[in-house]
Amino acid sequence: NAGVMQNPRHLVRRRGQEARLRCSPMKGHSHVYWYRQLPEEGLKFMVYLQKENIIDESGMPKERFSAEFPKEGPSILRIQQVVRGDSAAYFCASSPPTGTNTEAFFGQGTRLTVV
Amino acid sequence: SQKIEQNSEALNIQEGKTATLTCNYTNYSPAYLQWYRQDPGRGPVFLLLIRENEKEKRKERLKVTFDTTLKQSLFHITASQPADSATYLCALASGGSYIPTFGRGTSLIVHP
């Protein structure tokens with residue numbers, strides 16, 4: 001049973017380009033969370049999705065950032081027109097439907113560097 | 001505002017001793033609290049979950065306590081080993097959202 005898969009592991013983008021981060025949850029998991037982590041800081045919640053639905057995006061910047069979790073395929077976190085301040089590690093976590101098990105399984109993260 | 005506080009200073013202990021890490025929170029009514037381990041360059045790994053109506057949970061050398069009156073959780077690692085060196089994160093989730101919110105973590109360094 002493969003864990004949460006994130007790709008790419010490392011991503012370098014020039015300022016103004018778009019970054020696309022992918023997350024494939026564990027098999028049977030229908031909930032996906034995206035977090036951002038800066039050096040020496042904690043994990044900051046960005047967005048919580050279920051299949052085809054955004055449940056909570058209160059932690060995501062209103063501009064340039066978007067997320068989706070389509071019926072088929074991985075969840076995508078998209079950052080348009082990246083700036084240096086977007087450089088961080090982005091982690092995805094998945095969990096089974098609420099009420100059955102509330103443990104979150106994390107991927108290894110995508111480290112985005114904006115140059 | 002809601003806050004989750006973990007000691008920002010690294011905890012240094014000798015191998016074989018018990019490590020105790022603290023997580024304090026304010027303005028939360030958590031449904032449960034979790035502890036995770038994170039190694040450099042890796043994603044967090046779930047360790048233990050304790051619910052609001054539980055006082056203590058154990059798993060092998062790990063023990064978690066949860067005091068909702070003090071708004072505090074203690075995380076203990078007994079007979080610590082150098083391999084236990086990592087950053088330990090606590091996370092809370094309220095019954096309304098179930099979205100884990102994380103503290104900054106405390107670095108544990110176990111010296112041989």
- If each of A:T113 and A:V83 carries a label point 7 Å out from its Cα toward its Cβ, how far apart are those two points in nm? 2.2 nm
- Whose amide H sits under 5 Å from the amide H of B:L108, counting only residues 5 or more places off or on another chain, with H placed in the peptide plane? B:L11, B:A86, B:T87, B:Y88
- Here the residues of the range B:65-104 lying in the modelled label zone of B:E56, meaning backbone nitrogen under 13 Å from a point 7 Å along Cα-to-Cβ, are B:65-67, B:74-76
- Message: If I build a Gaussian network model for chain B, linking alpha-carbon pairs within less than 10 angstrom, which residue out of B:R42, B:R51, B:R61 has the largest mean-square fluctuation?
- Response: B:R42
- Mean-square fluctuation maximum in Gaussian network of chain A, Cα pairs under 10 Å, restricted to A:P25, A:P97, A:P39, hits A:P39
- Query: Given R₀ = 35 Å, FRET efficiency for B:D67-B:E15 by Cβ-Cβ distance, to 0.05?
  - Reply: 0.75
- Pairs to check: B:K17/B:K71; A:K44/B:K3; A:K51/B:K71; B:K17/B:K57; A:K27/A:K71; A:K51/B:K63. Give those whose C-alpha atoms are more than 24 Å from each other in this structure. B:K17/B:K71; A:K51/B:K71; A:K51/B:K63
- Query: Which aspartates and glutamates have a Cα less than 19 Å from the Cα of B:K55, not counting those fewer than 8 places away in the same chain?
  - Reply: A:E103, B:D67
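Each value in this text was obtained by applying a stated rule to the coordinates, not by laboratory testing. Bear in mind that the values here come from a model prediction, so they are computed numbers and not experimental data. All Cβ positions, glycine included, derive from the backbone under ideal geometry; neighbour counts span all protein chains shown.
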